[in-house]
Amino acid sequence: MARRYDPQRRSRIIDAAIRVVGERGIGGLSHRSVAAEADVPLGSTTYHFKTLDDLLVAALRQANEGLAQKVAQSRALTNPDVDLATELAGLLGQWLAGERPGAELEYELYLAALRRPALRPVAAEWCEGVAEALSARTDPLTARALVAVMDGICLQVLLTDADYEEEYVREVLGRVLVPR
């Protein structure tokens, strides 16, 4: 039997892994569950991803693109006339309101790094990438503080089902941005 050329198979497997985690949590992730979701042979998942951690790393990298892309593409990074705190508070609000399942998934994968050391470098890359983007408008230390505050606020909203209060977030981020 001839092998079928499928250049998109690896990305379909990653997309399937993200869907499986989104529907069943990380505990529901297995090569078998991903193969079924992606409609590929089981051997394809193990060919592209030797371990589940390898698959989770790829899924986390892809999922991390959500908020990080929004921040990196923000007009506040290139236009000093745009209030950074207001812009970031708006971006967080849009992300949490419009893409809540994606935000929950992103944080589930992100927090999995607590128990899966293979994911830690990817989680750190996300923090560093967002901080680097924010450094276009502020110093590196303040950029890291902004990432930490935004992370904490997102976790609070996601874990408590609290309403996102954009004005509160703008005020908190504004306080972080106050020059010393």
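The values are calculated or read from the model by the stated rules, or taken from the named source; none is laboratory data. Bear in mind the structure is a predicted one, so any value in this text is a computation, not a measurement. Note: ideal-geometry Cβ built from the backbone for every residue, glycine included; neighbour counts use all protein chains shown. Surface accessibility is based on the protein's heavy atoms, side chains included, excluding ligands, DNA and RNA. Shrake-Rupley method; radii C 1.70, N 1.55, O 1.52, S 1.80 Å.
Suppose the chain between LEU42 and ASN79 were pulled fully straight at 0.36 nm per residue; how much longer would it get relative to their current alpha carbon spacing?
Residue separation times 0.36 nm, minus the Cα-Cα distance, leaves 8.4 nm.
Show that you can apply the helix-only estimate: for the chain, add -39,500 (n - 2.57) for every DSSP H stretch of four or more residues, divide by all residues, and state [θ] at 222 nm to the nearest 500.
Calculated mean residue ellipticity at 222 nm is -22000 deg cm²/dmol.
Keeping all protein chains in the complex and leaving out DNA, RNA and ligands, what accessible area do you get for THR142 with a 1.4 Å probe, in Å² to the nearest 10?
Roll a 1.4 Å probe over it and THR142 shows about 30 Å².
Please report the spacing between the Cα centers of the stretch 41-56 and the stretch 133-162 in Å, no decimals.
Comparing the Cα centres of the stretch 41-56 and the stretch 133-162, I get a distance of 33 Å.
Once label points are set 7 Å from the Cα along Cα→Cβ at both ASP54 and ALA118, what is their separation, rounded to one decimal in nm?
0.8
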